[in-house]
Amino acid sequence: MTIDTLIVLTAVFIGGYLLYSPEYIWSAILFASSATLVISHHILAHFFKLYKRVWAYASVNELVAIFQAVSLTILITGIMQFAFFQTLHIRTLIVTWMLHILLIGGSRFAWRIYRDGYLKDNKEKTRTLIIGAGGAGTLVCRNIQQYKDTEMHPVAFIDDDISKQNLEVLGLPVAGGVDDISRVVKEYEVEQIVIAIPSLKKKELQRIYEECQKTQVKTQILPSVEGLLTGKVSIKQFRDVQVEDLLGREPVELETDKIGKKLNGKTILVTGAGGSIGSEICRQVYKFEPATLILLGHGENSIYSIEMELNQLSGVTDIVTEIADVQDRERMFAVMEKHRPDVVYHAAAHKHVPLMERNPHEAVKNNVIGTKNTAEASDAAGVTSFVMVSTDKAVNPTSVMGATKRIAEMVIQHLDMVSKTKFVAVRFGNVLGSRGSVIPLFTKQIKSGGPVTVTHPEMERYFMTIPEASRLVLQAGALADGGELFVLDMGEPVKIVDLAKNLIRLSGFSESEIEIKYSGMRPGEKLFEELLGKDEVHQEQIYPMIYRGKTPEVNVNVIYDLLNEFEDFSIDTLRERTLDIAHFRVERLQILKEVK
C-alpha cells in the first residue's frame with residue numbers, strides 16, 4: 001500500500017509539473033486531486049483485490065483489474081475537480097492515468113518478468129514440443145512455464161493451422177505442422193512431445209502419433225482440459241498414449257433423458273457385476289442415480305472391489321451385494337423375489353474360447369442354464385426390462401462359447417414372446433482391457449522381453465473400449481421394445497498382429513527388439529468375426545452405432561431337450577450338438593410347436 005501511495009502521488013505531481021508551471025504543483029486543486037486519488041485508489045484496489053493477488057503468476061486478468069481500478073480512480077478525481085473547483089484539468093488527468101497504469105502495472109509485473117526470465121534454470125529440464133497451439137496447448141505451456149518444479153521446458157509448438165505457423169505463442173515459435181514433427185524435433189533438440197489437443201478425432205491422433213513415433217522421442221497426451229481447469233488433473237499427470245486412444249472411436253452422445261427415465265430412482269440388478277463389462281455397467285448405471293443398485297456375482301473379491309469403489313462416490317444410490325451363482329436356480333429366484341428389480345443387466349458368462357472348448361459342459365451350465373435361470377426369475381419377479389450382454393462369437397459360431405451364447409439369445413427371445421418382461425440381447429465384439437482381452441497378455445509378454453505370440457498373421461477382431469460398450473448397452477436397453485437383438489457398430493476390424501505392433505511401440509520398443517511369433521489358431525477360433533448372420537442382417541440403424549438385427553423364431557423345445565440330456569454327452573458330442581443348434585442344423589428348431 002505504501003508503494004501504491006507513492007506511485008499515485010508521484011504520477012499526479014509529475015503530470016502537473018510537465019503540463020503547467022512549477023507553481024501549479026502547490027495549488028489547492030492539485031493537493032485536493034492527489035488526496036482524492038490516494039483515497040479512491042486504495043478503496044478500489046481493495047474492491048478489485050489488487051492486494052490479494054499472487055503477482056508472480058500475473059496475467060491478463062490482473063492487468064484488466066489494474067485498468068479498471070485506475071480508470072475509476074481518475075473518473076472520481078475528475079468528478080471531484082468539477083464539483084469543488086468548477087473546472088476539469090483533463091490533460092493532467094490523462095497524463096496521471098497513463099503514469100498510474102505504467103507504474104502500478106509495472107510494479108506488479110516486474111516480479112513476474114524477473115521470475116520467468118532469471119530465476120528459472122531450464123538447462124536441466126526436458127526440452128518439450130507441444131502439439132497444438134490452441135486453447136489446450138497454451139494452457140499447458142503457461143502451466144509449465146509458471147511452475148518451477150515441473151521437469152519440462154517448452155521449446156516450440158506444432159499446429160496444422162497455417163495462420164499460426166511462423167508466429168509466436170507465449171514466446172514460443174509455432175514451428176510447423178504435423179508433417180514437420182521430425183524436422184522440428186531435430187532442429188530444437190526435443191526430448192519429449194506432449195499432444196495437447198483434447199478434441200482430436202481418433203484418426204487424427206493416429207496420424208500424429210505415427211509421426212511422433214518416427215522420432216523415437218517419448219510421446220505423452222493431455223488427459224483433458226477440464227481436468228486441468230477443475231484441478232482434478234495436475235500438469236504433472238500427462239499420460240502415455242494407450243492403445244485405447246488409437247483403437248477407440250469417437251464417443252456417441254447418449255439419450256440421457258431416456259436412459260434416466262429407465263434407471264433414475266429404480267432398482268437395478270447387474271449379474272457378473274465383478275467382471276470387466278459388469279463392473280463398468282455398474283459405474284455407468286450409478287451415474288443415473290437409481291434408488292438401489294444390486295451387484296450380483298459369484299466371485300466375492302471382485303464384488304467387494306466394485307462395492308468399495310461405488311461406496312466411495314457421493315450419491316443417493318443404495319449399493320447392495322449378492323453373492324450368487326446364476327446356475328443356482330433357487331438362489332436366483334430368491335434374489336429376484338427379494339429385490340424385485342425394475343431392470344436387469346445380465347453380464348455373467350464364461351467367455352474364454354479355448355477353455356470352453358475343453359469344458360463344454362460348464363459353458364452350457366453357465367451361459368445357457370445361467371441365462372435361463374436369471375431370465376425366468378426376472379419374469380417371475382415382474383422385471384420390466386432384461387438386457388443380456390452377448391458377443392460377436394455367437395454369429396456363425398465355430399466354438400462352444402459362441403454356440404452357447406447364441407443358444408442363450410434364443411432362450412431370451414423365446415421368453416420375450418411369452419412374458420410381460422421386455423427381453424433383449426446386445427451383441428458386440430472384443431473389449432479393450434477386459435480380463436479376457438489379448439492386451440493384458442501382450443503387455444505381460446512385452447514386459448518379459450518377448451516374444452509376443454499371435455495365433456495367425458491374418459486374424460482380425462472387432463474392438464471397443466469397456467466404457468464405450470457399457471454406455472451403448474445402457475442406450476440399447478433404453479431403446480428396447482422387447483425381443484430385439486441389438487448389434488453395436490464396432491467400426492473397422494483390427495488385425496491382431498497390428499495391435500501387437502502398436503503395443504510394442506507404445507511400450508517404447510521396436511519390432512526388432514521384441515519378436516512376434518505365430519503360434520497357430522486354437523480350437524474354436526475363427527480368422528474373422530461377424531456381428532450378424534446372413535438371416536439376421538437388418539440395415540436399420542436405430543441409433544448412432546446401434547443396429548437392430550432380425551431374429552428367426554425357434555422351437556425352444558429343442559433347447560430344453562439339450563439341457564435335459566447334455567450331462568450324459570461326451571465333450572465331442574456336446575460340442576457338436578451345441579454347434580448344430582446354433583447353426584439351425586436341427587430340423588425341429590425352426591418348427592414352432594406347443595412349448596413344454
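The values are calculated or read from the model by the stated rules, or taken from the named source; none is laboratory data. What you are looking at is a predicted structure, and each value in this text was computed from that prediction instead of being measured. In this analysis, Cβ positions are derived from the backbone assuming ideal geometry, glycine residues included, and neighbour counts consider all displayed protein chains. To get the accessible areas, we keep the full protein, side chains included, count just its heavy atoms, and leave off ligands, DNA and RNA. Shrake-Rupley method; radii C 1.70, N 1.55, O 1.52, S 1.80 Å.
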Query - Alpha-carbon centroid distance for the pair segment 180-218 / segment 437-495, whole angstrom - result: 27
Query raised in the report: Can you list the GluC sites (Glu not before Pro) in segment 443-526 that are in a DSSP coil and have 13 or fewer other beta carbons within 10 angstrom?
Result: 458, 511, 513, 515
Report task. Can you tell me the order of 346-354, 404-412 when each peptide is scored by its average per-residue count of other Cβ atoms within 10 angstrom, highest first? Result -> 404-412, 346-354
Query raised in the report: With a sphere of radius 14 Å drawn around the Cβ of residue 309, what net charge do the other residues whose Cβ falls strictly inside it have (Lys, Arg +1; Asp, Glu -1)?
Result: 0
Report task. Let me know the shape class of segment 363-403, please: from the alpha-carbon gyration tensor, a ≥ b ≥ c as square roots of the eigenvalues, rounded when a/c is under 1.5, otherwise prolate if a/b is greater than b/c, or oblate. Result -> oblate
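Can you send over the carbon and sulfur percentage of the accessible area for segment 360-482, probe radius 1.4 Å, protein chains only?
Working: 1690 of 3350 Å².
Carbon and sulfur atoms account for 51 percent of the accessible area of segment 360-482.
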**Report entry** Heavy-atom accessible area per residue - segment 348-469, 1.4 Å, Å²
**Finding:** 31
